[in-house]
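One structure below.
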Amino acid sequence: MRLKGKKAIITGAATGIGLETARRFAEEGAQVVLSDIDSAGVAAAAGEITGAIAIAADVTDQGQVDALIAGAIEGLGGLDIFVNNAGIPMLGGVESLAEADWDREMDVNLKSIYRTGRAVWPHFKAQGGGVILNTASIAGLRGSAGQASYGAAKAGVINLTRCMAIDGAQVPIRVNCICPGFIETPMVLAYLEGQDDPVASRAEVDALHPLGGIGRPGDIAAGFVYLASDEASWITGTALTIDGGLTAGI
Ligand SMILES: NC(=O)c1ccc[n+]([C@@H]2O[C@H](COP(=O)([O-])OP(=O)(O)OC[C@H]3O[C@@H](n4cnc5c(N)ncnc54)[C@H](O)[C@@H]3O)[C@@H](O)[C@H]2O)c1
């Protein structure tokens, strides 16, 4: 039990990487709050995990974020780990991307981490420690066609992680992120289904990953378990790439 007695919030937990992270945290002994903008989805997801609590919240709304943190502290009797995982993909280059979509991407994928961070900081400071984990992306490490806002937001997540890590180190509040390659989740399956030839597109995406194709949510959840645990007590400000080797070569 690597997270025994820890209390955690995971956002974007109705599906995909967030749901699998919540499952793995619970298996490792953590008490978890699953949060998502999809209230029905997150209630169903939490129902699958013994002892889990669902609290619906939109990470672009400071009032809902504050209520999520207060509700989790009350429901769990404390809070040690906050996983910023909620995210959306807005596809398009600067020529085609609507300004409202650019702003929405930044708000959901990047500003949300500032928002949750400032809300949870006083609690972590008062208790003398805490862990913040962020889902970045390999799209924040490299440029990609048609991913202007997503790539910029995820690059921002990586450097915001470092800045928060430095600011929190004295407490210590440890702040780290993971950069996943393509992971088989509803987000990626919807993207592939939207391509002209979904089967060929899936084969192309699989071929990008030297370790044998697209990853699974559990590949990322395993990284979050490690970074959340006391085994990682001397790790802060890092961006852990978990991508089946995609970014290893040229
Ligand atoms: N799947 C991949 O290949 C991949 C790769 C790199 C990074 N990521 C990142 O991983 C994270 C999870 O992605 P996923 O693939 O599991 O996607 P997903 O679409 O399956 O899950 C994302 C969840 O976030 C929720 N969400 C969206 N907007 C929200 C908001 N405003 N407030 C609260 N919740 C909101 C959605 O309802 C959904 O349940 C995202 O940050 C994504 O950018 C995914």
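The values are calculated or read from the model by the stated rules, or taken from the named source; none is laboratory data. As the structure is a prediction and not an experimental result, all values here were calculated from the model. Cβ: placed from backbone, ideal geometry, glycine included. Neighbour counts: every protein chain shown.
Yes or no, residue by residue, for (1) buried (at least 22 other Cβ atoms within 10 Å of the Cβ); (2) under 24 Å from ALA136 (Cα atoms); (3) touching a strand residue (DSSP E or B) at 6+ places or on another chain (Cβ under 9 Å):
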| site | (1), (2), (3) |
| --- | --- |
| THR21 | yes, yes, yes |
| ALA26 | no, yes, yes |
| ILE49 | no, no, yes |
| ILE55 | yes, yes, yes |
| GLY71 | no, no, yes |
| LEU79 | yes, yes, yes |
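Residue count for the range 83-100 under the criterion of being hydrophobic (A, V, I, L, M, F, W, C), at pLDDT 95 or above and surrounded by fewer than 18 Cβ atoms within 10 Å (Cβ to Cβ): the result is 4. Residues in the range 175-206 that are surrounded by 13 or more Cβ atoms within 10 Å (Cβ to Cβ) and β-branched (Val, Ile, Thr): VAL175, ILE178, ILE183, THR185, VAL188, VAL205.
Only one entry in THR161, THR238 is out of contact with any helix residue (DSSP H, G or I) (no Cβ under 7 Å at 6 or more places or on another chain), surrounded by fewer than 20 Cβ atoms within 10 Å (Cβ to Cβ) and within 25 Å of LEU79 (Cα to Cα), namely THR238.
Pick from the range 83-112 the residues that are part of a loop (DSSP other than H, G, I, E, B) and β-branched (Val, Ile, Thr): which of them is nearest to the ligand (Cβ to nearest atom)?
ILE88
Of all residues in the range 122-180, those satisfying the criterion of being under 15 Å from LEU110 (Cα atoms), without any contact (Cβ under 8 Å) to a residue 40 or more places away in the chain and away from the ligand (no atom under 13 Å from the Cβ) are ASN159, CYS163. For the range 19-32, taking the residues that are without any contact (Cβ under 8 Å) to a residue 60 or more places away in the chain and not small (Gly, Ala, Ser), the one that is nearest to the ligand (Cβ to nearest atom) is identified as VAL32. Filtering the range 33-49 down to residues that are touching a helix residue (DSSP H, G or I) at 6+ places or on another chain (Cβ under 7 Å) and either under 17 Å from HIS123 (Cβ atoms) or not in a strand (DSSP E or B) (or both), which residue is farthest from the ligand (Cβ to nearest atom)? Result: ILE49. Pairs meeting the criteria (first residue in the range 183-210 and hydrophobic (A, V, I, L, M, F, W, C), second residue more than 9 Å from the ligand (Cβ to nearest atom), beta carbons under 6 Å, at least 6 apart or on different chains) are LEU192/PRO198; LEU192/SER201; LEU192/ARG202; LEU208/LEU246. Among residues of the range 2-18 being within 6 Å of the ligand (Cβ to nearest atom) and over 11 Å from the mean Cα position of the chain (by Cα), the one that is surrounded by the fewest Cβ atoms within 10 Å (Cβ to Cβ) is THR15.
Checking the structure you have, find out if any residue of the range 116-134 is closer than 13 Å to SER35 by Cα and modelled with pLDDT of 95 or more.
yes
Just to check your reading of the model, which residue among ASP80, ASP58 is within 12 Å of the ligand (Cβ to nearest atom), under 18 Å from the mean Cα position of the chain (by Cα) and acidic (Asp, Glu)? From the options ASP80, ASP58, the qualifying one is ASP58. Flag: SER35 matches the condition of being out of contact with any Lys or Arg (no Cβ under 6 Å at 6 or more places or on another chain), hydroxyl-bearing (Ser, Thr, Tyr) and buried (at least 24 other Cβ atoms within 10 Å of the Cβ). Restricting attention to the range 207-235 and to residues that are of a type in the set (Val, Ile, Thr) and under 21 Å from VAL157 (Cβ atoms), the residue that is surrounded by the most Cβ atoms within 10 Å (Cβ to Cβ) turns out to be ILE220.
How about the range 159-176: which of its residues are within 18 Å of TYR226 (Cβ to Cβ), of a type outside the set (Gly, Ala, Ser) and outside any loop (DSSP other than H, G, I, E, B)? THR161, ILE173, ARG174, VAL175, ASN176, listed by residue number.
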